[in-house]
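Read-outs throughout are calculated quantities, based only on the coordinates presented, and are distinct from any laboratory measurement. Everything quoted here is computed from the prediction, not taken from an experiment. Cβ: placed from backbone, ideal geometry, glycine included. Neighbour counts: every protein chain shown.
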Amino acid sequence: MAATKTRGSSFSRAVSAATPSLAPGLKCGPNGTVFLSSGIPDLDKILGGGFTLGSLVMVMEDSEAPHHMLLLRNFMSQGLIHNQPLLYASPSKDPKGFLGTLPSPASSKDDKPRDRDTDQEKGLRIAWQYKKYFGENNPNFTGHRDDKHEYCNDFDLRKPLERQFLIRQHVDCVSLQDSMNLSVLLDHCGTFLSQFPRNDNNSSITTAGRIAIQSFCAPDCGYSNMEWHMLSFIRSLKSVMRSSNAVAVLTFPPSLLSPSFCKRWQHMADTLLSVKAIPDEDRELAQLLTGYQDMVGLLNVHKIARINTQVNLEYPFPWSFFCGCSTGNAAFMLFCSLSSISFILSCWSKLSAGSYDP
Amino acid sequence: MAESVCRTLRDGGLEGEHAPALTIKDSIASPFGFDVFCHVLTQLSSFILAGKSQSRGLVLVAFCRSPSFYADLLKSKGIDVNSSNKWVRILDCYTDPLGWKFRLMGVGNLRDLSCEASSTGILCKDVKDTNKLYSSIIELGKGLVAEAKSRFSVAIDSVDQMLRHASMSSVAGLFSNLRSHGQVSNVFWLLHSDLHEVRVTASLEYMSSMVASVEPLQQLTNGQRDDSDKASLTEQNLKKGKFHVRFKRRNGRVRVMLEEFHIEQSGISFKSASSEEVTNQGLLPKVQFSLQLSEKEQIDRSNVVLPFEHQGNGKPIQIYDGRNSLMEGKHETTSVSAGNSETNEGSGGGEIIYYRDSDDEMPDSDEDPDDDLDI
């Protein structure tokens, strides 16, 4: 008989009878994890679906460029669009001011198919027998584009987020300068996270929360030279995160920490990203990268959260490139101009798609 | 380049943005940071006087030199000092930083210091209190510029002295408050990097939008040179050096520039770097073989038709499921996703039906990969 089973194996996985009912903006992941979106579709794809609920994401800033703010903006906006409560802490005296810079989703009336083929062909042609099957492997591009129900939106950095989103969900803003004592901040996070406790059966998750802490060890904060205290704050935060349905993104400039603490902090992270500035008018880079004029920085994925699994999901290539286009379309795009990397990306999404139904 | 540094300071900051901030740092190997500071100060002063800059006045926080020194400096550069009380104010933290003389004055041992303070400045008697410093600077600045919308520049001649008396976080708080104040057009300060831990220098660089370092032309490496070589190098380093600037641009990119400077009687002069290129910490490794193609090679390469490029030319992709006859073998391909069943090319009329057990094997492991070749 012709085998028409969806899986080629003679074994089939016992799928639990009741799939957990999830609020919009959440997605099931492998090994019983649940994802929420980072706000950047390409980053979600690289991470295998998004940020895992209960994980701590740390972003290493570059002291010469504000790219970590772009990541934070997209993360926070995505949360507000999905009506997920948000806690935002920053070293400035008036953190509410930052909310005015959050982007709005790009109105994508035309379903422009992202033409990966032409992107690939720039510079390097690879004759690759699976190229013609490429269209099958990316189910994300089809489908309705309804803002509220879409897992991850494309954001237009030029348009500020509509007031209704900011009013609907009260954003808890904390100024890090006020917290001389980090335990106060930890308590604040604890009360915020108590809104989303995690129970074992995981049957339904009504809301998930987001915490965004910007420039945690900025020099103007009173606790910035108390390195052990900051480390213990991070450890405590991580432990509270594990028992709640939320994601925390914490950015810090590694140059302001001593090297040993920098390493310790990196080990604390479940998912570790870093951003780096691109030198201006660098002829070598301009020759190597096709979109050099539009690029503003580099994003590097060092570590991806491993929750409920022993499989090592190390990202094989050190560099991804991102650009915030200065002309016209200011949407945030993550693309790789070397076609071999985009090949790996498509394989990656296929591999991670293999164990669950997207 | 010193010109672009001064120009950036002159242009100031946009509405709602942090004011540009310049860190000038030097070290014992090339101790000319103060000369650079004075150069920037005089340039900015001339811009302010000529009305070309965004800021209408300058507040100078003097820690390591007396106010009279600065008055003489400006005079020597040809800047009109008579009208100086209209556009410059000096916060004197040099004469009596901790208020000791003031307290001794009460005992009657010292002459009154108030005659020292000129009309252009106020005396600061407690440099430990950064909040008070901040309010004094703002008060002086507001006193300088009449309208509420006008801006002023702030210059701090030595951050090292500030850090002697106050903690790093309070100094950092002061600087970030200055930068975010609506009326401050730009801020610049001088730092001797070898007096502090790396973290302190890193924090100040973190808070500034331009970092100018004064470096020796050639580093002296201990023990590798002769004494006479060392002496000549030291002598050279005392007369000239490298001026290296990193600009943090608004779009998030970093521009690096390099110049040479010379110390002369009249002061410091800058000229473009002689022979060396700007050494970027390259993001790309340097390779020793050529990766570039010549014109002819590029044309040849584009003419090559690669083996898999002429497959699947618009025809529907057929997945070989073992039931089709083998006559279509020429244009067939195998599917990428898990194969269901396959037939080995049997002989004659018989068929072998083969169900694959598991997905562990590579998808194409039981067929000859060269079957797809279409050459």
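Averaged across A:222-230, how many Cβ atoms of other chains sit within 10 Å of each residue's Cβ atom? Display every interim value, and only then the final one.
On the way: counts 4, 1, 6, 7, 1, 1, 0, 0, 0.
For peptide A:222-230, the averaged partner shielding equals 2.
List the pairs from B:Lys25/B:Lys149; A:Lys93/B:Lys132; B:Lys128/B:Lys149; B:Lys25/B:Lys125 whose alpha-carbon separation is above 21 Å, in the order I gave them.
Listed pairs above 21 Å: B:Lys25/B:Lys149; B:Lys128/B:Lys149; B:Lys25/B:Lys125.
Would you mind checking region A:44-59 for residues with the amide N under 14 Å from a putative spin-label position 7 Å along Cα→C-beta of A:Arg242?
Only A:54-56 pass the distance filter.
Once you place label points 7 Å from the Cα toward the Cβ at B:Leu258 and B:Lys271, how far apart are they in nm?
Placing both labels 7 Å beyond Cα along the Cβ direction yields 1.7 nm.
Take every residue in peptide B:175-183, count the Cβ atoms of other chains within 10 Å of its Cβ, and give the average of those counts. Intermediate values should be presented prior to the final figure.
Numbers: counts 2, 7, 2, 0, 0, 4, 0, 0, 0.
For this peptide, the per-residue mean of nearby foreign Cβ atoms is 2.
Among B:Met168, A:Met60, A:Met180, which comes first, second and so on when ranked by fewest other beta-carbon atoms within 10 Å? Could you put the intermediate results ahead of the total?
Values: B:Met168 19, A:Met60 22, A:Met180 13.
In order of increasing Cβ crowding within 10 Å: A:Met180, B:Met168, A:Met60.
Starting from 0.36 nm per residue, how many nanometres of slack lie between B:Glu15 and B:Lys230 once their C-alpha separation is accounted for?
Result: 72.3 nm gained on full extension.
Under the rule a/c < 1.5 gives rounded, and otherwise a/b versus b/c splits prolate from oblate, where does region B:140-196 land using the Cα gyration tensor? All intermediate terms of the calculation are to be shown ahead of the outcome.
Values: a/c = 2.79, a/b = 2.23, b/c = 1.25.
In terms of gyration-tensor shape, prolate.
Can you pull the mean other chain C-beta count within 10 Å for peptide A:256-266?
On the way: counts 8, 2, 3, 1, 0, 0, 0, 0, 0, 0, 0.
For this peptide, the per-residue mean of nearby foreign Cβ atoms is 1.
Based on the mean of other Cβ atoms within 10 Å per residue, sort peptides B:205-211, B:125-131, B:7-13 so the most packed one is first. Numbers along the way, then the final one.
On the way: B:205-211: 22.6, B:125-131: 17.0, B:7-13: 19.7.
In descending order of packing, they fall as B:205-211, B:7-13, B:125-131.
Given a Förster distance of 30 angstrom, what is the FRET efficiency for B:Lys128 paired with B:Ser4, based on the Cβ-Cβ distance and rounded to 0.05?
On the way: r = 36 Å, r/R0 = 1.21.
The pair B:Lys128/B:Ser4 has a calculated efficiency of 0.25.
Would you please give the FRET efficiency between B:Leu291 and A:Arg158, computed as 1/(1 + (r/R0)^6) with r the Cβ-Cβ distance and R0 = 45 Å, to the nearest 0.05? Walk me through the numbers before you get to the answer.
Values: r = 38 Å, r/R0 = 0.84.
That gives a FRET efficiency of 0.75.
Full extension from B:Asp35 to B:Arg250: what is 0.36 nm times the residue separation minus their Cα-Cα distance, to one decimal in nm? Please report the intermediate quantities before stating the final value.
Values: separation 215, 0.36 × 215 = 77.40 nm, distance 2.82 nm.
Result: 74.6 nm gained on full extension.
What spacing in nm lies between the two simple spin-label points modelled at B:Ser27 and B:Lys149, each 7 Å away from Cα in the Cβ direction?
4.7
Ranked highest first by the average count of other Cβ atoms within 10 Å around their residues, in what order do A:46-55, A:284-293, A:253-262 fall? Intermediate results must be reported in sequence, preceding the final value.
Details: A:46-55: 24.1, A:284-293: 15.3, A:253-262: 17.1.
Result, highest mean Cβ count within 10 Å first: A:46-55, A:253-262, A:284-293.
Under the rule a/c < 1.5 gives rounded, and otherwise a/b versus b/c splits prolate from oblate, where does region A:195-299 land using the Cα gyration tensor?
Working: a/c = 2.95, a/b = 1.51, b/c = 1.96.
It comes out oblate by the Cα gyration axes.
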